[in-house]
Amino acid sequence: MLTNKKTKIVATLGPACSTRETIKDMIDAGVNVFRVNFSHADYEDVKEKINIIRGLNKEFGYTTAILGDLQGPKLRVGVMEEGVVVHDGDLITFTTAEDILGTAKKVFMKYKNFPNDVNPGERILLDDGKLIFEIVETDKKSEVVARVIQGGELKSKKGVNLPNTKISLPAMTEKDIEDAIFAIGQNVDWIALSFVKTPRDLQDLQELIAEHSEYKIPIVAKIEMPEALENIDKIVAYCDALMVARGDLGVELPAHEVPLVQKELIRRAKTARIPVIVATQMMETMITSLTPTRAEVNDVANSVMDGADAVMLSGETATGNYPVQVIQKMTQIIEAVEDSPLIQVPQNTPQIKTKRFITKTICHHAATMANVIKAKAICTLTNSGYTAFQISAWRPNAHILVFTSNERILTQLNLLWGVKSFMYTKDVSTDDTVTDVNEIVKQKGFVQKGDFLINLAAMPIKDKGMVNTLRVSEIE
Ligand SMILES: Nc1ncnc2c1ncn2[C@@H]1O[C@H](COP(=O)(O)OP(=O)(O)OP(=O)(O)O)[C@@H](O)[C@H]1O
Ligand SMILES: CC(=O)C(=O)O
Ligand SMILES: [K+]
Ligand SMILES: [Mg+2]
């Protein structure tokens, strides 16, 4: 039995959720989207997981989506010996010369140009800033010596941030291009681009998608760099969703600036009517404990109250001990707050006259009207998914039920707040379609006799044109 929450959950795949049984339990507990993190992914493994998820979708009528998250120009250390700990004041060498097994004295850095890009005095942050080093010297060829400023356990393949350094890497590296082509080949529902700085980065990915796919794959712009904040208006115009990637963001910026940035980014996404995902360390203690901290419970709840369409888990589900329980807990938190009248999600009323002005306006009125007449559901027939984005953005109290014959958007829309989608392949006239859809919705238990329901359609239906009709039905 699937949950009825409206805020979506994105869960990262990893060794902790590798069986079909665990994946099914996670979906039943509230996962709507699985994230493949290409920073750690093995293609054969990804294929297997995607098959499992799609198999479950088929068998149980789920619409679980898959999000491919490209690594981007992220630096990483190599594989480390077990249990290496570095202490304040220690000196450590980062080498790019050979992929050695790392120790407390010497560590492999997987970025050839590293000794060239850095300068003495600059900082190296590791593992989302848990460890801090200061560069003492670089030979500008293959070795960099650094002093430990804040020590701790130095684990394999952890990410490296250089907030004071200008890195000479493109937004899409060779690896990202290869991973994106693989992801497109697997028909993933969404692709996330890490470390976006400018709209150009997004256009490059759009072009790559257009070159390798006959369908448009929507893009999530991961906001984790100060440059992205400077260019946010243009970035919003060139992507289909935002992610507040707090892991890197909290290292690239002082972590105490992240809370207001989160609120600002959510507001931007709401204004553009695109979904926004809040990510990283939401339930971090549940990697090893069955009880989240009060602060974590508050964080998930407050993200929902800020207006997040989706909340994301990383290590909690990828490598944590409790991949199913963490979803159950997150669902409980979401359900406890999302219907509260205290939630005031920012929304914009001014309508810009784009070519879809009419459709946008109808969706807006459907959502507002549903609240006024207390309609239990808004049903829309869509081929592109556009109306689902538009209705979802207004956050009506009614169920948002999407009927489509397009298998791709059936799962893609599962990232959107409040949206539930259903396969609908019958090709009939509007009157029959409305009656038919309303009957399905009643059978599924979303509405009962006497309830109002709003239908949106493009008439005539067979033309698959622009939505031009809003109809209110009373369920018989
Ligand atoms: N197949 C896998 N997929 C995802 N994470 C994995 C996998 N195998 C191991 N992990 C571990 O889970 C941890 C948390 O996952 P997460 O997706 O947050 O990674 P990350 O390294 O912080 O990546 P990024 O910042 O690039 O998104 C990783 O640091 C990694 O050590
Ligand atoms: C998810 C991610 O990439 C981050 O938080 O940095
Ligand atoms: K990533
Ligand atoms: Mg990141």
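Ligands, DNA and RNA excluded, the heavy atoms of Asp139 present near 70 Å² of accessible surface to a 1.4 Å solvent probe.
Using only the Cα atoms of the stretch 357-474, build the gyration tensor, take square roots of its eigenvalues as a ≥ b ≥ c, and label the shape rounded, prolate or oblate: rounded if a/c is under 1.5, else prolate if a/b is larger than b/c, else oblate. The shape class here is rounded. Excluding ligands, DNA and RNA, the accessible surface per residue across the chain is 44 Å² with a 1.4 Å probe. Applying 1/(1 + (r/R0)^6) with r as the Cβ-Cβ distance of Ser289 and Asn164 and R0 = 41 angstrom yields a FRET efficiency of 0.75.
Please label the shape of the chain as rounded, prolate or oblate, based on the square roots a ≥ b ≥ c of the eigenvalues of the alpha-carbon gyration tensor (a/c under 1.5 means rounded; beyond that, a/b larger than b/c means prolate, else oblate). Mind showing how you got there, number by number?
Numbers: a/c = 2.08, a/b = 1.95, b/c = 1.07.
Taking the square roots of the gyration eigenvalues as a ≥ b ≥ c, the chain is prolate.
Using a probe radius of 1.4 angstrom, the carbon and sulfur fraction of the accessible surface of the chain is 51%.
Relative to the Cα centre, what is the charge dipole magnitude of the stretch 95-139, using +1 at the beta carbon of each Lys and Arg, -1 at the beta carbon of each Asp and Glu, and rounding to the nearest 20 debye? Kindly include the intermediate steps, with their values, before the conclusion.
Numbers: 6 positive and 9 negative charges, 27 e Å.
Computed charge dipole of the stretch 95-139: roughly 140 debye.
Among Ser142, Ile400, Val33, which residue has its Cα furthest toward the positive end of the charge dipole of the chain, with +1 on Lys/Arg Cβ and -1 on Asp/Glu Cβ? Value: Ile400. Simple rule: put +1 on each Lys or Arg Cβ and -1 on each Asp or Glu Cβ in the chain, find the dipole, and look at Ser194, Ser213, Val251; the Cα lying farthest toward the positive end is Ser213. Among the protein heavy atoms, those of Glu178 account for about 110 Å² of accessible surface (1.4 Å probe, every chain in place). Other residues whose C-beta falls under 9 angstrom from the C-beta of Gly78 contribute a net charge of +2, scoring Lys and Arg +1 and Asp and Glu -1.
Around the amide H of Ser421, modelled in the peptide plane, lie the amide H atoms of Val402, all under 5 Å away and 5 or more residues distant in sequence or on another chain. Summing charges over all other residues whose Cβ lies under 11 Å from the Cβ of Glu476, with Lys and Arg as +1 and Asp and Glu as -1, gives -1.
Estimated from helical segments only, the mean residue ellipticity of the chain at 222 nm is -10500 deg cm²/dmol, where each DSSP H run of four or more residues counts as -39500 (n - 2.57).
What does the charge add up to near Lys6, with Lys and Arg as +1, Asp and Glu as -1, over the other residues with Cβ less than 10 Å from its Cβ?
Details: positive: Lys5, Lys8, Arg395, Lys420; negative: Asp309, Glu335, Glu338, Asp339.
Result for the local shell: 0.
Of all beta bridges DSSP finds with both residues in the chain, what is the antiparallel percent, to the nearest 5?
Here the antiparallel bridges make up roughly 35 percent for the chain.
If you place +1 on the Cβ of every Lys and Arg, -1 on the Cβ of every Asp and Glu, and leave all else neutral, what size is the dipole of the chain about its Cα centre, to the nearest 20 Debye? Walk me through the numbers before you get to the answer.
Working: 55 positive and 62 negative charges, 277 e Å.
Using Cβ point charges on Lys, Arg, Asp and Glu, the chain gives about 1340 debye.
Stretching Thr173 away from Thr361 to a fully extended chain increases their span by 63.6 nm, per 0.36 nm per residue minus the current alpha-carbon distance. Close amide H partners of Val276, meaning residues 5 or more places away or on another chain with modelled amide H under 5 Å apart, are Leu242, Asp309, Ala310.
Here the simple spin-label model places points 7 Å from the Cα toward Cβ, and for Arg54 and Gln448 these points are separated by 4.0 nm.
Note down the relative contact order for the stretch 273-380 as a percent, whole number, built from C-alpha pairs under 8 angstrom at least six residues apart. Mind dumping the intermediate values first?
Numbers: 105 pairs, mean separation 26.2, N = 108.
Relative contact order, the stretch 273-380: 24 percent.
With contacts taken as Cα pairs under 8 Å and at least 6 residues apart, the chain reaches a relative contact order of 14 percent. Note on the stretch 357-474: with charges restricted to the Cβ of Lys and Arg (+1) and Asp and Glu (-1), its dipole about the Cα centre is near 340 debye.
Pairs from the table (Lys106/Lys141; Lys5/Lys58; Lys141/Lys197; Lys155/Lys234; Lys157/Lys329) lying more than 25 angstrom apart at Cα are Lys141/Lys197; Lys155/Lys234; Lys157/Lys329.
Phi angles across the stretch 430-446 convert, under the Karplus curve 6.51 cos²θ - 1.76 cosθ + 1.60 with θ = phi - 60°, into 3J(HN,Hα) values of 4, 4, 5, 5, 4, 4, 5, 4, 5, 5, 4, 5, 5, 4, 7, x, 6 Hz, Gly and Pro given as x.
Work out how much length Glu230 to Lys105 would gain on full extension: take 0.36 nm times their residue separation and subtract the Cα-Cα distance, in nm to one decimal. Could the numbers behind the result be given before it?
Details: separation 125, 0.36 × 125 = 45.00 nm, distance 3.86 nm.
Full-extension gain reported as 41.1 nm.
Each label point was placed 7 Å from the Cα along the Cα-to-Cβ direction; for Asp139 and Glu81 their separation is 2.1 nm. Taking θ as phi - 60° and the Karplus parameters 6.51, -1.76 and 1.60, the scalar couplings of the stretch 61-66 work out to x, 6, 10, 4, 9, 10 Hz in sequence order, x denoting glycine and proline.
Across the options Thr368, Gly61, Ala301, the greatest Cα extent toward the positive end of the charge dipole of the chain (unit charges at beta carbon of Lys, Arg, Asp, Glu) belongs to Thr368.
Rounded to the nearest 10 square angstrom, His399 shows an accessible area of 50 square angstrom against a 1.4 Å probe.
The values are calculated or read from the model by the stated rules, or taken from the named source; none is laboratory data. Just so we're clear, the structure is a prediction, and the values are computed from it rather than from any experiment. FYI the Cβ positions are ideal-geometry reconstructions off the backbone, even for glycines, and counts take in every protein chain you see. All accessible areas refer to the heavy atoms of the entire protein, side chains included, with ligands and DNA or RNA removed. Shrake-Rupley method; radii C 1.70, N 1.55, O 1.52, S 1.80 Å.
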